[in-house]
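Every read-out reported here was derived from the displayed coordinates using simple, explicitly stated rules and does not represent laboratory data. Just so you know, these numbers come straight off a predicted model, no measurement behind them. Cβ coordinates were reconstructed from backbone atoms using ideal geometry, including for glycine residues, and neighbour counts include every protein chain displayed.
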Protein chains: 4
Amino acid sequence: MIRAGVIGATGYAGAELVRILAGHPRVELTRITSRQYEGRPYSQIYPCFKAVVDLTCKGYDADTMARNADVVFTALPHKLPMEIVPGLLEKGIKVVDLSADFRFGDAGIYEAHYQPHTARHLLKRAVYGLTEVYGAEISAARLVGNPGCYPTSLLLPLIPLLRRDLIDPTSIIADAKSGVSGAGRAPSLGTHHCEVNEALKAYKVNAHRHTPEMETVISREAGRAVAISFTPHLIPMTRGMLTTLYAGLAPGVTETEVRHALEDTYAEQPFVRVCAQGEFPNTIHVKGTNFCDIGFGVDQRTSRLIVVSVIDNLVKGAAGQAVQNMNVMLGWPQETGLLAPPYPL
Amino acid sequence: MIRAGVIGATGYAGAELVRILAGHPRVELTRITSRQYEGRPYSQIYPCFKAVVDLTCKGYDADTMARNADVVFTALPHKLPMEIVPGLLEKGIKVVDLSADFRFGDAGIYEAHYQPHTARHLLKRAVYGLTEVYGAEISAARLVGNPGCYPTSLLLPLIPLLRRDLIDPTSIIADAKSGVSGAGRAPSLGTHHCEVNEALKAYKVNAHRHTPEMETVISREAGRAVAISFTPHLIPMTRGMLTTLYAGLAPGVTETEVRHALEDTYAEQPFVRVCAQGEFPNTIHVKGTNFCDIGFGVDQRTSRLIVVSVIDNLVKGAAGQAVQNMNVMLGWPQETGLLAPPYPL
Amino acid sequence: MIRAGVIGATGYAGAELVRILAGHPRVELTRITSRQYEGRPYSQIYPCFKAVVDLTCKGYDADTMARNADVVFTALPHKLPMEIVPGLLEKGIKVVDLSADFRFGDAGIYEAHYQPHTARHLLKRAVYGLTEVYGAEISAARLVGNPGCYPTSLLLPLIPLLRRDLIDPTSIIADAKSGVSGAGRAPSLGTHHCEVNEALKAYKVNAHRHTPEMETVISREAGRAVAISFTPHLIPMTRGMLTTLYAGLAPGVTETEVRHALEDTYAEQPFVRVCAQGEFPNTIHVKGTNFCDIGFGVDQRTSRLIVVSVIDNLVKGAAGQAVQNMNVMLGWPQETGLLAPPYPL
Amino acid sequence: MIRAGVIGATGYAGAELVRILAGHPRVELTRITSRQYEGRPYSQIYPCFKAVVDLTCKGYDADTMARNADVVFTALPHKLPMEIVPGLLEKGIKVVDLSADFRFGDAGIYEAHYQPHTARHLLKRAVYGLTEVYGAEISAARLVGNPGCYPTSLLLPLIPLLRRDLIDPTSIIADAKSGVSGAGRAPSLGTHHCEVNEALKAYKVNAHRHTPEMETVISREAGRAVAISFTPHLIPMTRGMLTTLYAGLAPGVTETEVRHALEDTYAEQPFVRVCAQGEFPNTIHVKGTNFCDIGFGVDQRTSRLIVVSVIDNLVKGAAGQAVQNMNVMLGWPQETGLLAPPYPL
């Protein structure tokens, strides 16, 4: 058994990590930390875990964590991980960081959208954890920057199309919709039930920090600098993310070529399910799972491709992909511990 | 007082008509019909109206309706209105039809997406009831084809931009999101609470019948045949519609020009509210109202304009705009009876 | 026109007051205050009111308020009103207070559950504003203590039964359910969408401060000290309150006697609607209205009466009843400005 | 591996059975039936199971089922199981029936509330499957009548109190609240999203068919005929059930005795979690699990006990308890396959 620790275990991504790791057949979850709830049994914070997870929230201490864990997940707001992760790596711990701190190879891009980076030397060593795409590098990594939820939902369908030059990268428009859990557990007027329920809005139009993350990867895959349009929306539901992608087809490209690109790329991938022709996915079909479902259609009249992808923002968009990355880093089958049958409703 | 009748009063759009007309200061709601609930007090079907609306559902009969009403709203599935409306017009009744039957000047387009049209002779006389845009024609009309909800949410922001050539019409992409009431009151698996709640999907991708309706108007306003991309999504909430529009800006166009186009066009219009710079609308702000709120931003990097509009699909998207059209047809201020202060949550 | 002011206009009850007063035909809403949002246009806080309510949030100042208003609503947390109200009364203003500060004739009971009362001298002059029951006293009052939402939902059905000795007062059990807006607008983990949505709990079991308020009135009406069981529950919806009452029938009492008690008592009351036999109310039927709908059934096998009442917690449970009380204080028909037809869904 | 079949696999309880059995380490789910969807892959009906459950819906045939399964779950509307189950038992199959058909030892009570019973001879052999209470009999049974969701939520907390004479059985009042999935998957106006969402009602007041089921068990446990008051309510959420129980304490009974009764009874039971003093359960804490969480408080002033229990109506209230019963029937630890860590939100 590998021993795992979670730093920041009481946020929503942290709680999903606890859920998944508690059910993982090759992992023992040994240590969880929380500044806010230090000293309290985890099942007081999340009573669903009473009689399921018998752990107490600890304060964070690098030495103690390193003695108790072989792999550590940092589920913290950005800025904190770059302070903590270097010390863990030095002690030989493998780390999957769920924040933005290690997603960018280029510190300049990070700093333009976040703040000064204090662990720049690690950016070269960190691997971007989009498992299906960068699995080979992840398997050799000691530090993985786990992708954002929006980037995951968008890059999985796009990359196969970019690699085969099936779409015009400059035409990409991503209209994304997320459940409220993506906003985290901290109370605010923006997550107050009465403000969210029976309401629908776009937010951070032209200004979301996941845009540079997505564009970095798209540009690399397209082989040239690409700017996209990305608009996130807040949906009155707890979990789930749906991204609707619009892109101009390259001249002469057929629906069949699009299908082949997606199906070929993900033929051996357990967590990408491509919908049959004429079918489109629904977030409820991936709730609680690590799946990304993808449907698409060609609009002949406008020569545009419309792709719809869904993920659970907390699982494939956060904790699930993090565990998937851990599996790959440890040389295990990537689906280990991630195939619990989902709630059908 | 003008006497009004509603045919199909027990569907959701019908119920909103009843609500608005019951509070209208210059209208007496005299007659409501329902095949399904004939003979039953309306307040049994909608108990909210107990002690508020004292009417009984009647079967439909043209003579009786014509004796009891000066203006009639047909809130029926398409196909039925084209059978009923000719008879009402012959008797001198003014009609606002909420179905698709009289939205198309060209019977061929209608028939390509619905079924054979049996009242083609009226299509020339019917006016498309997008009140803010076609008010002059509506004021002279005896028959108004009330716009669909999606077309309303999309055309109000687009038309001022098209008229001033600020955007490339061939680049228009509309990603629309609707509450469940848009699907009507008939039970189906697709409206079952457990299938809709905590779920999110696109539907009728590249295949929604509102597309030809929108394209007809856009093409007329753009002065050339235009095809757009339109993708509707179903949102787990009862009321509300949000449409996110993407379009390439014409060369050299600035954000200020876009603002002027919208603000100038709607300066005298009571139901269009243009958001301040950097602000975007939320469906909860228009719930139960006839407002259309519009926000926008220019994405300098992609030279695209992103516009977000919200309406209440049952009000500005159906019953409210229908009453607004009635007001205009009768020579009244268009906002008459439509300014009840909205529920803030 | 009477001039009205609202102190604490940006909470949820305050916003409902603004909505109702903005549509009131005999009231001009002249002044609204908010500490948190002082200086900001009200329509920035509640954008639904853009182009509807053209007021700016002011800081509170007794002199300015008294110069600008004839009647004032205090929609503040308890403790603040007892500091503010005395000054307003001295200046001749009529006041409806929505907090608990003036609901108790007996300062001792108030102090046992809240804190020391600093305006005890006013408790004798304040009238408990359950309009249908205490209308005569309200019409002569200068200060009304507006009832809590739970007490309103419970007392309206109970009082007619108590007055006719139809039930055993010691057997009363009230199982109440409230939407989330009852918790107010301040963000907290308890109102976070992800904590409330798809969740259901009882709270403050045996410990809710509305219990002494209810018992005070019940005891007065029953003519003896009565303790009841009261359990509130939080329901994942924004508005609405449903209270299920259980009580042992007095010996020999029939269902018909219960019906007569309710129907006779409320025959002339516009806002109480008694359901037909076998029918029970639904909160959606009173959403946004000042109605209280009441259904009941006799369980022959246990000789118990089960009564179900519904109100909108923000309207009949707060702002609507407050305006109803104002109407009565001013000698107007109690329903003035309160009969806007409700949203059917 | 034991082979299991599910008859009626496409309803909501059926889908939960499929989920749980697909993850069960000692069961192979070999055959599922559906009249409505015969011939279609299960993952078309529930796309969440794509790549998870590779089964096709079959029509029902006793011989084929008996050849393919050792244990069968009947997840059908009442009346159908009594036609099917006798044939299965004759072929040596063990059966857990989720309908009401085999919950009553006394055919007369069943027939008074359902319809004539055509397999009366089996009622003596069937065991009522409240696992924690009747485990010994279940372990010897070949046919288990799986309890209703409401009875489960109510009987688990009540039986320990009745057995120790801590409450007056004639004083029991149960106010129960259920999510919408309890109404099943068939579309109806009563499950239409727009009718359920933001709505709250009591239903079948004094008339729910779970009442005789509960009273039968309560009477047996209390040693005398007992009638209770039971009122179900419909809550706008998908899953979850909360029951609030009120009962008069027997003279002199203390809170400690109540706690001992509950904690002693369920000390060795993995699925009953008794809350700490002053804490009450929330349905979200048992979502997707087989747990029943119980909290309680004594109201000294009225000498009443208030108990709140929560379950997931589809799991402990249906499919989960059914699998728990199968485990017991097969001599396995009752929690086998039922301990997947739950979704924390």
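Annotations for the structure displayed:
- Considering only the Cα atoms of segment C:291-340, their convex hull presents on average a projected area of 4.5 nm².
- Sum of -39500 (n - 2.57) over DSSP H runs of 4+, divided by residues of chain B (222 nm, nearest 500): -8500 deg cm²/dmol
- Estimated FRET transfer efficiency when R0 is 56 angstrom, pair D:ALA225-A:GLN115 (beta carbons, to 0.05): 0.20
- 10 Å Cβ neighbours from other chains, averaged over peptide D:180-187: 4
- Kirkwood hydrodynamic radius of the protein assembly as shown, from the reciprocal of the average inverse Cα-Cα distance over all distinct pairs: 33.1 Å.
- Net charge over other residues, Cβ less than 15 angstrom from the Cβ of D:ASP106 (K, R count +1; D, E count -1): +2
- Per residue, the Cα convex hull of segment A:1-45 amounts to 62 Å³.
- Summed residue charge, Cβ within 15 Å of C:PRO41's Cβ, Lys/Arg positive, Asp/Glu negative: +2
- Label point 7 Å beyond Cα along the C-beta direction, distances from D:GLN269 to other copies (nm, shortest first): 4.4, 4.6, 6.4
- Other protein chain Cβ atoms within 10 Å, averaged over every residue that makes up C:51-58: 2
- The share of alpha-carbon pairs in segment B:164-219 lying farther apart than 14 Å comes to 67%.
- Subset of B:LYS58/C:LYS50; C:LYS316/D:LYS287; C:LYS94/C:LYS177; A:LYS79/B:LYS287; A:LYS204/C:LYS50 violating a 30 Å alpha-carbon distance limit: B:LYS58/C:LYS50; C:LYS316/D:LYS287; C:LYS94/C:LYS177; A:LYS79/B:LYS287
- Kirkwood-type radius of segment B:84-165, with distances r between different C-alpha atoms, in Å: 13.5 Å
- Taking the convex hull of the alpha carbon positions in segment C:34-179 and averaging its projected area over all directions gives 11.2 nm².
- Converting the Cα gyration tensor eigenvalues of segment A:147-194 into ellipsoid dimensions via √(5λ) gives semi-axes, longest first, of 32, 11, 7 Å.
- Protection proxy ranking of C:61-71, A:315-325, by the mean of other Cβ atoms within 10 Å over each peptide's residues and highest first, is A:315-325, C:61-71.
- Direction-averaged projected area, Cα convex hull, segment D:1-112: 7.1 nm², rounded to one decimal.
- Computed from phi, the 3J(HN,Hα) profile of segment C:84-100 under the Karplus parametrisation 6.51, -1.76, 1.60 (θ = phi - 60°) reads 8, 4, x, x, 5, 4, 4, 8, x, 7, 8, 10, 10, 9, 8, 8, 7 Hz, with x in place of Gly and Pro.
- Equivalent-ellipsoid semi-axes of chain A, from the Cα gyration tensor, Å, largest first: 32, 22, 20
- Distances between equivalent label points of C:ALA51 across the copies, with each point positioned 7 Å along Cα→Cβ, amount to 3.4, 4.8, 5.7 nm, shortest listed first.
- Beta bridges assigned by DSSP with both partners in segment C:33-191 are antiparallel in approximately 10 percent of cases.
- With Cα atoms as the point set, segment C:221-265 shows a radius of gyration and Dmax of 14.8, 41 Å.
- Both radii were evaluated on the Cα set of segment D:232-310; the Rg over Rh quotient, with Rh as the Kirkwood radius, amounts to 0.99.
- Using alpha carbons only: equivalent-ellipsoid semi-axes of segment A:98-250, gyration tensor based, whole Å: 26, 21, 14
- Considering only D:GLY148, D:GLY135, D:GLY223, the Gaussian network model of chain D with Cα springs below 10 Å gives its largest mean-square fluctuation to D:GLY223.
- Reciprocal of mean inverse Cα separation for segment A:50-120 (Kirkwood radius, Å): 13.4 Å
- Counting Lys and Arg as +1 and Asp and Glu as -1 over every other residue whose Cβ lies under 14 Å from the Cβ of C:ASP63, the net charge comes to +2.
- Inter-copy spacing of A:ARG220 label points, which lie 7 Å from Cα along Cα→Cβ, given in nm from shortest upward: 5.1, 6.5, 7.3
- Derived scalar couplings between HN and Hα for segment B:205-215 equal 4, 6, 9, 7, 6, 6, 4, x, 4, 5, 5 Hz in order, rounded to whole Hz, by the Karplus curve 6.51 cos²θ - 1.76 cosθ + 1.60 (θ = phi - 60°), x for Gly and Pro.
- Ordering of A:279-291, A:18-30, C:265-277 by packing [mean C-beta count within 10 Å, highest first]: A:279-291, A:18-30, C:265-277
- Antiparallel content of DSSP bridges confined to the protein assembly as shown, in %, to 5: 45 percent
- P(r) weight above 22 Å for segment D:206-345, C-alpha pairs, percent: 47 percent
- Of all DSSP-defined beta bridges confined to chain C, some 45% are antiparallel rather than parallel.
- Peptide B:244-252 - average C-beta neighbours from other chains (10 Å radius): 2
- Most mobile of A:CYS194, A:CYS292, A:CYS149 in a GNM of chain A (Cα contacts under 10 Å): A:CYS194
- Among chain B residues, the beta-carbon with the smallest distance to the axis carrying B onto A is reported, with distance in whole Å, as B:ASP175, 2.
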